[in-house]
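Chemist: Take a look at the following structure, please.
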Amino acid sequence: MALPSGKDGHLYGIAPILQSAVHVPGAALQRAIVAKYPSYWQITWRFTSHLASTLLGTLACLLFFNLCRRLGMRAVPAAASTLALAFCSSVWVYSRYPYSETLQLVCFTGFFSKLLDVGKQPTWRQAAWLGVWAGLLVNAKPVFLLSGLGAGIYLLWVLRHNWRALVLVALVSVAASIPLGAIYLGYNYLRWGSIFSTGYGLAFASTGVSSAPVGVIHESAIVGLWGMFFSFGKSIFLYSPPLVIAALGFWRFCRRNGPVVLAMVVTIFPTLFLHAQMVSWAGDYAWGPRYLTFALGVMLIPAGFLLQDWLDESHHLRRWLRIGFASTVFLSGAGVTYLGNAVYWDHFIRIHQEAAHFWLGAPNQKGDGISSPGFPCPVCFETLYGLQYLPPF
C-alpha cells in the first residue's frame, strides 16, 4: 500500500496519531545517543525503534494480570496465565517489532477492564476512565469504534434496572472521550482536509484501486473467521497455543461469569467480524492472524480459571495429568513463539513467494478484487496461498 498525499501535497501515514506518538520517546533517545556518538546512528535506530512495542507488550501483561486478579483469580494461576500471554503467544513476537499490535492490546485490555468496573460500580470516576480508555483505543485504530458501540450494548444490559446510573455513565464517559476524539478528528483534518477521512481510501486509490472500501471488504466472513481460528496456515491456536486451554474452559467460564462473556462478545466480535470480511483477513505480512492480537489477553482469561480449577482438583493423578497437559501446551507455545522471533516473517514470506513463482509461475490475481495492471495485491490469497489455506478443501 503506497502512502497517500495529504491536502498540502506531502506524504502522510494513514495510521492514527497514537501509533506514531508512542515512538516519540524511542526517537528522542536515539537522537540523544547519536548526538554524542554519531557513528552509532544505525545500530541505535534498530533498537530504539522497537522500544515502544517492547514496553507496551510488558504493560499489556501487567494490565492482564491485574484484570485476572480483580476477576477473582488467585495469584498462581494469574501469574501462570500472564507468563503464557507474555512468552507463549504472539505477544512476544509483536513486542519485538514496531507494529501497533501491542499498542492495540494495551488499549483494548485497559478498556475492557474498565468496562467491567463500570458495570459493577457505575460511578462518575469509573465512567470517566472508561471514556479515556475508549478514546485511546480509537486513536490506536479507528475500527475499535465498533468495540465502543459494543460496550454501550453491554452497559445497557447490565444497568437496565438502574437508569439513573446508566445516564450518568453515558454522559460522563462520552464527555471524557471527547478530547481524545477531537485529537483523532483534528489529525484527520490536518492530513486530508476532512475530519471524516481516515486516509485508507486514499491509500488504495494511490495504488490504482477504485472504490477501496468495497474492494477491500468483500470476503466471506465465514472464510475469514475459519481462517483465523481453524485453518492450517493462520489458526490462532497454532500461533498462540495457550488459547487451546481457554477454549477447553470456555463453557465452564460462561456458566460462572455470564456478564464477562457478554462483554467479551460485544467488544471483540464486531471488530473481528469486520476484519474477517477483508481480502487480507490474515493480516499479512505478519505473524499469525494479526487482527486477533488485540484480544489475546481477554481471550486467555478462561484459561486461567480452568487452570485454577485443575490446581484445586482433589484427585492427585488427575491434577498432575492436567497440570502436565497445561505445561506441555505452554511449552509448545514458547517453542512456536521462539520460531517467530528467530526468523523475521518478511524473510520467510519472500522466500515462499520466490519459490512459488519459480516453480509455478506468477499467480493470476484477477479475482482478488484489488489488483489492477501494474499494481498486484501483495497481501491477497492469490499471492500468499502457500502460507494461508485453500477454503474449498
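Chemist: Quick one: check the C-alpha center-to-center distance for the range 1-53 versus the range 123-141, whole angstrom.
Modeler: Their Cα centres are 26 Å away from one another.
Chemist: Per DSSP helix of 4 or more residues, -39500 (n - 2.57); summed, then divided by the residues of the chain. What does that give at 222 nm, rounded to the nearest 500?
Modeler: Calculated from helices alone, the mean residue ellipticity at 222 nm is -21000 deg cm²/dmol.
Chemist: Moving on. Can you pull the percent of the range 297-393's accessible area that's carbon plus sulfur, 1.4 Å probe, other chains left in place?
Modeler: Its accessible area is 68 percent carbon and sulfur atoms.
Chemist: Local charge sum around L51 (other residues, Cβ-Cβ under 15 Å, Lys/Arg +1, Asp/Glu -1)?
Modeler: Local charge sum for L51: +3.
Chemist: Still on this structure, I have one more. Can you compute log10 of I(q)/I(0) for the range 1-110 with the Debye formula, treating each Cα as one identical point scatterer, at q = 0.10, 0.22 Å⁻¹?
Modeler: These q points yield log10 I(q)/I(0) values of -0.41, -1.12.
Chemist: A further question follows. Looking at the range 242-393, I'd like the Rg to Rh ratio, where Rg is from alpha-carbon atoms and Rh is Kirkwood's inverse mean 1/r.
Modeler: In the range 242-393, Rg relative to Rh is 1.08.
Chemist: Moving on. How far is it, in nm, from the label point at R350 to the one at Y189 when both lie 7 Å from their Cα along the line to the Cβ?
Modeler: So the two model labels end up 4.2 nm from each other.
Chemist: Semi-axes, largest first, in whole Å: what does sqrt of 5 times each Cα gyration tensor eigenvalue give for the range 211-291?
Modeler: 26, 17, 9
Chemist: Mind checking which lysines have their C-alpha under 26 Å from K366, skipping anything on the same chain fewer than 8 residues away?
Modeler: Correct list for K366: K234.
Chemist: Oh, and also: Return, in residue-number order, each cysteine of the chain whose C-beta is not under 4.7 Å from any other cysteine's C-beta.
Modeler: C61, C68, C88, C107, C254
Chemist: Separation between the R70 and S220 pseudo-spin-labels, each 7 Å from Cα along Cα→Cβ, expressed in nm?
Modeler: According to this spin-label approximation, the distance is 4.1 nm.
Chemist: Which of the DSSP-defined H helices in the chain satisfy a minimum axial length of 27 Å, computed from C-alpha atoms, and a minimum mean Kyte-Doolittle hydropathy of -1.0?
Modeler: Qualifying helices, which must be both long enough and hydrophobic enough, are 51-70, 101-120, 163-192, 316-342.
Chemist: What residues have an amide H closer than 5 Å to that of S89, excluding those fewer than 5 places away on the same chain, when H is modeled at 1.01 Å from N in the peptide plane?
Modeler: Long-range HN contacts for S89: none found.
Chemist: Relative to the Cα centre, what is the charge dipole magnitude of the chain, using +1 at the beta carbon of each Lys and Arg, -1 at the beta carbon of each Asp and Glu, and rounding to the nearest 20 debye?
Modeler: 1080
Chemist: If you average 1/r across every pair of different Cα atoms in the range 146-299 and take the reciprocal, what Kirkwood value do you get, in Å?
Modeler: 18.2
Chemist: Order 45-56, 355-366 from most to least packed using the mean count of other Cβ atoms within 10 Å.
Modeler: 45-56, 355-366
Chemist: Here is a follow-up. Using packing as a proxy for protection, rank 102-111, 276-285 so that the peptide with the highest average count of other Cβ atoms within 10 Å comes first.
Modeler: Packing order, densest peptide first, comes out as 102-111, 276-285.
Chemist: Further question on the same structure: Modelling each spin label as a point 7 Å along the Cα-to-Cβ direction, I'd like the A247/L156 distance in nm, to one decimal.
Modeler: Distance between label points: 3.2 nm.
Chemist: Report the semi-axes of the equivalent ellipsoid for the range 246-294 in whole Å, largest first, where each axis is √(5λ) for an eigenvalue λ of the Cα gyration tensor.
Modeler: Values for the range 246-294, descending: 26, 13, 7 Å.
Chemist: Under a GNM of the chain (C-alpha, springs under 10 Å), which listed residue has the highest mean-square fluctuation: N162, N66, N139?
Modeler: N162
Chemist: In Å, what Rg and Dmax follow from the Cα atoms of the range 102-177?
Modeler: Radius of gyration, then largest Cα-Cα span, for the range 102-177: 11.4, 37 Å.
Chemist: While we're on this one: What whole number of Å gives the distance from the Cα centroid of the range 258-272 to the Cα centroid of the range 349-393?
Modeler: Spelled out, the Cα-based centre of one part sits 34 Å from the other.
The values are calculated or read from the model by the stated rules, or taken from the named source; none is laboratory data. Not measured: the values here are computed from a predicted model. All Cβ positions, even for glycine, are placed from backbone atoms using ideal geometry, and neighbour counts span all protein chains on display. The accessibility values were calculated without ligands, DNA or RNA, using every heavy atom of the protein model including side chains. Shrake-Rupley method; radii C 1.70, N 1.55, O 1.52, S 1.80 Å.
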